[in-house]
Amino acid sequence: MRYTVVFAVAALLGALAAPASAQQGLPSYATSADQAIHGRVTNFDGKYALQVRDEHGYTDRVELHDGTIINPTGLHLAAGMRVTVYGQPDGSRFVANEIDTPYQTAYAYPYAAYPYYGYPYYGGPYVRFGFRFR
C-alpha cells in the first residue's frame with residue numbers, strides 16, 4: 001500500500017512538471033518579467049512599432065515609447081539591423097526600454113571659423129554620414 005501511494009504521488013508530480021517544460025515553445029517575451037530579445041529588425045514604422053526576428057525564429061512585436069533609449073544615440077533603426085532589446089513583456093507585445101546595436105555612427109559638422117549667418121561664406125550645409133560597422 002505504501003509503494004502505491006509513493007508511486008501515485010510521483011506520477012502526479014511528473015504530470016505537473018510536464019506543462020512547465022512545454023513553455024519552451026513560447027515566444028521569448030512570454031516567459032518572464034525583465035528580459036532581453038536578441039535578433040534582427042524585420043520591420044520598423046519609424047515611430048513606435050518594431051518587429052524583431054529573435055534567435056529562436058519568432059517574430060516579436062516590440063513597442064517603443066517616449067524615452068526608449070536607442071544606442072548609439074542618433075541611430076535610425078532599419079530592417080536587417082542586429083539589435084538587443086531590453087524591456088518587459090505586456091501581453092502579446094514586448095515594451096522596450098532600451099535598444100542596443102553593435103553599430104557606430106559618425107557625424108561631420110562642417111562650419112567656417114566665423115559663421116556669418118545669412119552671408120554666402122557660412123561654410124556649407126549640415127552634413128551627416130551614415131553608420132559604420134564594427
Only residues that are farther than 15 Å from Val52 by Cβ and polar (S, T, N, Q): list them for region 65-87, please. Asn71, Thr73
Pro72 meets each of (1) at pLDDT below 90; (2) surrounded by 14 or more Cβ atoms within 10 Å (Cβ to Cβ); (3) under 14 Å from the mean Cα position of the chain (by Cα) with one exception, condition (2)
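If I go through region 54-71 residue by residue, how many of them are in a strand (DSSP E or B) and either farther than 20 Å from Gly91 by Cβ or hydrophobic (A, V, I, L, M, F, W, C) (or both)? Show your work before the answer.
The first filter runs over region 54-71 and keeps only residues in a strand (DSSP E or B), leaving 54, 59-63, 69-71.
With either farther than 20 Å from Gly91 by Cβ or hydrophobic (A, V, I, L, M, F, W, C) (or both) added as a condition, the list becomes 62, 69-71.
Total meeting the criteria: 4.
The values are calculated or read from the model by the stated rules, or taken from the named source; none is laboratory data. If you're wondering where the values come from, they're calculated on a predicted model, not measured in any experiment. Glycine also receives a Cβ, built like all others from the backbone with ideal geometry; neighbour counts cover every protein chain displayed.
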